[in-house]
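The next block holds one structure in the form of structure tokens; read it before the comments.
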Amino acid sequence: MLATSDARLRALLEAAVDGIISIDARGVIQTFNPAAERLFGYAAREVIGQNVNGLMPSPYQEEHDRYLARYVATGEKKIIGIGREVVGRRKDGTTFPMDLSVAEARLADEQIFVGIIRDISERKRAEESLSQLAAIVESSDDAIISTALDGTIVTWNAGAERCFGYSLGEVKGQHISMLAPADLSCDFAAMLERIKRGERIDHYETVRIRKDGRPIDVSVTISPIKDAAGKVLGVSAIKRDISEQRKINDEVRAMTQQLWQAAKLASVGELAASIAHELNNPLATVSLRIESVLGRTPADDPRRRALEVIEQETKRMGELVASLLQFSRRGEEKISTVDLRQELGKAVELIHHHLRKRLVTVVQELAPDTPTIYADRQKLRQVFLNLLTNAGDAMPRGGTVTLRTARAALEGGEPAVRIDFSDTGVGIPAEHLEKVMDPFFTTKEEGKGTGLGLAICRRIVQEHQGTIQISSEVSKGTTVCVVLPVRSGANVKSIRGSGAVE
Ligand code: ADP
Ligand code: MG
């Protein structure tokens, strides 16, 4: 009879999931079951007969003997009886959190203690990540709301409070449709149906109503909350207020539209100049507003990207306006002597960084006898920069642009200088060759090109009584050839007199 119950007990200890260790009144280990072996990494025979404090890290190791002695002497409980969280130490020296409960037993004249141990590392980790998650939710700028499957609000973070103006107390237990404008409240039923099927709704843009009645544009992501088995228990919704972003976006879009239309209508005449001028002010306003919104948006805020795109677009628009102004302005020419070699070198220097980023090499084969000419230095620089930019854009995977100068003659034998800009880029198809110098002809994707670069070049070269020609072969490269009269000082007046060529 005794033998069977002993065998039964042993089988129980062997099969137990929890670590079970028994010690005597001096703390010496007497039994150590297989689960304890797994937990601590010791074989039973290695620890039986050793003090149990070897399974604890400092300072518990040192304190344990004292606890035990005091308990045996006074009955004062420190560990015994209460399930509690302590730290265990494995054979390899690593430690782990464990839940320990100790029971006391008396066998004949012997007093023993039985410890039941459960590794709670997993539970601790889960608790930590849960509290982390809770902190993230609470500190999020976005409104994060969870509801039951019927749509009643269960949780409501600080972001939701800021976004909608209601406190958790005011909304808890209410139906989520309280946030919808009257005409949109039917949305919810359909959405809840989809969520119940386990679907997720991403970045759905809609309108919600704040406590003060003000409508706000929001981007909503709704997902099901599932239990471990995948059953849908509730709904979580993340809402982001995009009102301000929307407003700026709309303004920028409307303005771009206006700008393009106006510019095209005016066919780049004086009207374009005045419109471009008019646009400068609202553009500056938008630019300032974006700057201020960006200033108030922390560096790690996911909304920054959209704002930065708007900022970029606004900058591009500014550049377009500037080119338009430049194109139509009939500014006074400032004629001076221009050392072409030096001036080409400067243009290359100005754009060097931009080209190097694109792996474009610039080769300058400037003839030593390149003459000094009479011209408007500022405008020539514009021509050179435009041509170098185009060459760079034509070589997205890198290449070479070669600048060559040579003496030449214009019609009637007028002494001139010829400057070639040759690139190894994508080239221009024959059917485009005639059109590339037209204002607003561009093959670049929207926002990247204005189509004004070559038109400006042509106008400036013509103002100087020169010529500009383009030859190109698709996938081989393009050469733009600019010929400018050298002119003597005596002829400068005639440049001034001629004005612009339409
Ligand atoms: P944008 O650069 O704004 O497009 P441009 O007047 O400078 O306007 O040029 C008009 C078009 O001519 C370009 O979009 C491009 O298709 C073509 N182009 C100009 N230069 C080159 C070049 N070096 N290689 C290939 N295509 C060119
Ligand atoms: Mg260009």
Index of the failed condition, LEU403 passing every other in (1) within 16 Å of ligand 2 (Cβ to nearest atom); (2) surrounded by 17 or more Cβ atoms within 10 Å (Cβ to Cβ): (1)
Counted residues, region 294-306 - those being within 11 Å of the chain's Cα centre (by Cα) and either within 17 Å of ARG246 (Cβ to Cβ) or among the β-branched types (Val, Ile, Thr) (or both): 6
Residue match in region 258-280 (condition: modelled with pLDDT of 85 or more, over 30 Å from ASN157 (Cα atoms) and in a helix (DSSP H, G or I)): no
Within region 14-63, considering residues that are in a helix (DSSP H, G or I) and modelled with pLDDT under 85, the one farthest from VAL102 (Cα to Cα): GLU62
Near pairs, Cβ below 8 angstrom, 6+ apart or cross-chain, from region 335-359 (surrounded by 14 or more Cβ atoms within 10 Å (Cβ to Cβ)) to any residue that is among the acidic types (Asp, Glu): ILE335/ASP376
Options GLY412, GLY451: the member that is at positive phi, out of contact with any helix residue (DSSP H, G or I) (no Cβ under 9 Å at 6 or more places or on another chain) and surrounded by fewer than 17 Cβ atoms within 10 Å (Cβ to Cβ): GLY412
Enumeration of residues in region 122-148 that are touching a helix residue (DSSP H, G or I) at 6+ places or on another chain (Cβ under 6 Å) and of a type in the set (A, V, I, L, M): ALA143, ILE144, ILE145
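Check ALA25, ALA44, ALA69, ALA36 and return the single one that is in contact (Cβ under 8 Å) with a residue 40 or more places away in the chain, aliphatic (A, V, I, L, M), over 21 Å from VAL87 (Cβ atoms) and surrounded by 13 or more Cβ atoms within 10 Å (Cβ to Cβ).
Matching residue, one of ALA25, ALA44, ALA69, ALA36: ALA25.
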Residue within region 404-425 that is free of Cβ contacts under 8 Å to residues at least 40 places away in the same chain and within 12 Å of ligand 1 (Cβ to nearest atom) present: no
Residue list for region 342-394, restricted to those being assigned to a helix (DSSP H, G or I) and β-branched (Val, Ile, Thr): VAL348, ILE351, VAL383, THR389
Within region 458-484, considering residues that are within 38 Å of the chain's Cα centre (by Cα) and more than 6 Å from ligand 1 (Cβ to nearest atom), the one surrounded by the fewest Cβ atoms within 10 Å (Cβ to Cβ): SER475
Criterion violated by LEU179 - all others in (1) in contact (Cβ under 8 Å) with a residue 24 or more places away in the chain; (2) more than 31 Å from the chain's Cα centre (by Cα) satisfied: (2)
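The values are calculated or read from the model by the stated rules, or taken from the named source; none is laboratory data. Everything numeric in this text was worked out from a predicted model, so none of it was measured. Note: ideal-geometry Cβ built from the backbone for every residue, glycine included; neighbour counts use all protein chains shown.
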